[in-house]
Amino acid sequence: MLSLTTGLAPLVLAGLLGWTGAVKVFSRGTAQQAPKTALARMLRNSERATTVLRATGAGELLIAAGLLVVPANPVPGAAAAVLGAGFLGYLGYGRAVAPESSCGCSASEDTPITWRAFARAAVVLIGGATVAVAQDTWWPAVTERPAGALAFLAAAAAVLVALSADLDRWWLLPLRRTRLRVFGHPLLGTATDQVPVAASVELLENSLAWQAAAPVVRSALLDHWEDDGWRILQYSGVYGDRENARPVAVVFALDATAGRDTGDDPIVRVSYVDADSGEAVAVDELRAAPSRRILPMAG
């Protein structure tokens, strides 16, 4: 088993670095995600962060190629170990200075830095050190023990997927939705019979309706209530330019039982109400692009 592990380590490591490197280099999302990363906070510039991410991705691709072509050479493994150590240092510093930011490890994650990012960096460090010391090639392990190699690679792939937050939408969320369909929501049958307000707020703040209203909103959640199956969330805001600014109440409505695990994004209704007169304010220029999931509330 040990020989199989050391023999296939270059292949597993090459797969991981090849995937993360390709995403950083070729994905259009790299430039979009860069401002959300801890790296942008450190460099104080989103464009420089994008450049560093793409350069890191190119380095990962180069190391992955070396692991595939010359796995018995200690240089690619040592380079991977150094890269993993650098990742761990970056993650530790990023967690300290920008805990709310993502790491940008795969240029598609938008979640804060968690233990999974540290674990994946540790895999790169330990895997690289193993490859550098063992200096084994991977093709004999595949040709001589194909069944064992296939099982090992499948297990390794499952571990790497579990350590990748940006892949949760492909396996973790479907599992959660299946659990809800089979066992029901854990809060059903309670006094409120609804998901927590914090869950509704999180769902709202990830919606297109929130993005459309963000220029107007000026407060955190001020009030909330339920009405005919809808959860109403109220914020304060300011509408108009500096000379004609007037206070408004920004009111959102969404399904009171909707949450991140309940399926597709719910319909969100939004309305702007003059804080002084109580009349609805027509703000067509602040509405989102046409979408069946963003609807104005009846005035």
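Observations, loosely collected:
- Residues of region 6-30 that are modelled with pLDDT under 90 and open to solvent by less than 50 Å² (accessible area, probe 1.4 Å): Thr6, Gly7, Ser27, Gly29, Thr30.
- Residues of region 222-240 that are within 15 Å of Val201 (Cα to Cα) and part of a loop (DSSP other than H, G, I, E, B): Leu222 alone.
- As for region 268-287, it holds at least one residue that is open to solvent by 90 Å² or more (accessible area, probe 1.4 Å), at pLDDT below 55 and assigned to a loop (DSSP other than H, G, I, E, B).
- Filtered by the rule that a residue be free of Cβ contacts under 8 Å to residues at least 40 places away in the same chain and open to solvent by less than 50 Å² (accessible area, probe 1.4 Å), region 215-228 gives Val217, Ser219.
- When restricted to residues that are modelled with pLDDT of 70 or more and in a helix (DSSP H, G or I), region 183-209 contains 11.
- Test for Ala212: is it at pLDDT 90 or above and either of a type in the set (A, V, I, L, M) or open to solvent by 60 Å² or more (accessible area, probe 1.4 Å) (or both): no
- Every condition in (1) part of a helix (DSSP H, G or I); (2) touching a residue at least 12 places away in the same chain (Cβ under 8 Å) holds for Arg48 except the one numbered (2).
- For Leu53, the requirement of being open to solvent by 60 Å² or more (accessible area, probe 1.4 Å), assigned to a helix (DSSP H, G or I) and not acidic (Asp, Glu) is not met.
- Filtered residues of region 77-119 (kept if open to solvent by 10 Å² or more (accessible area, probe 1.4 Å), part of a loop (DSSP other than H, G, I, E, B) and under 16 Å from Gly21 (Cβ atoms)): Cys105, Ser108, Glu109
- Look at (1) at pLDDT below 85; (2) touching a Leu at 6+ places or on another chain (Cβ under 8 Å); (3) surrounded by 14 or more Cβ atoms within 10 Å (Cβ to Cβ); (4) of a type outside the set (Ser, Thr, Tyr) and you find that Leu254 fails only one, number (1).
- Among (1) at pLDDT below 75; (2) assigned to a loop (DSSP other than H, G, I, E, B); (3) over 30 Å from Gly84 (Cα atoms), the one test that Ser219 misses: (1)
The values are calculated or read from the model by the stated rules, or taken from the named source; none is laboratory data. Predicted model, so just to flag it, every value in this text is computed and none were measured. Counting neighbours? That spans all protein chains shown, and the Cβs are built from the backbone with ideal geometry, glycine included. The protein model used for the area step is the full one, side chains on, heavy atoms only, and it has no ligands, DNA or RNA in it. Shrake-Rupley method; radii C 1.70, N 1.55, O 1.52, S 1.80 Å.
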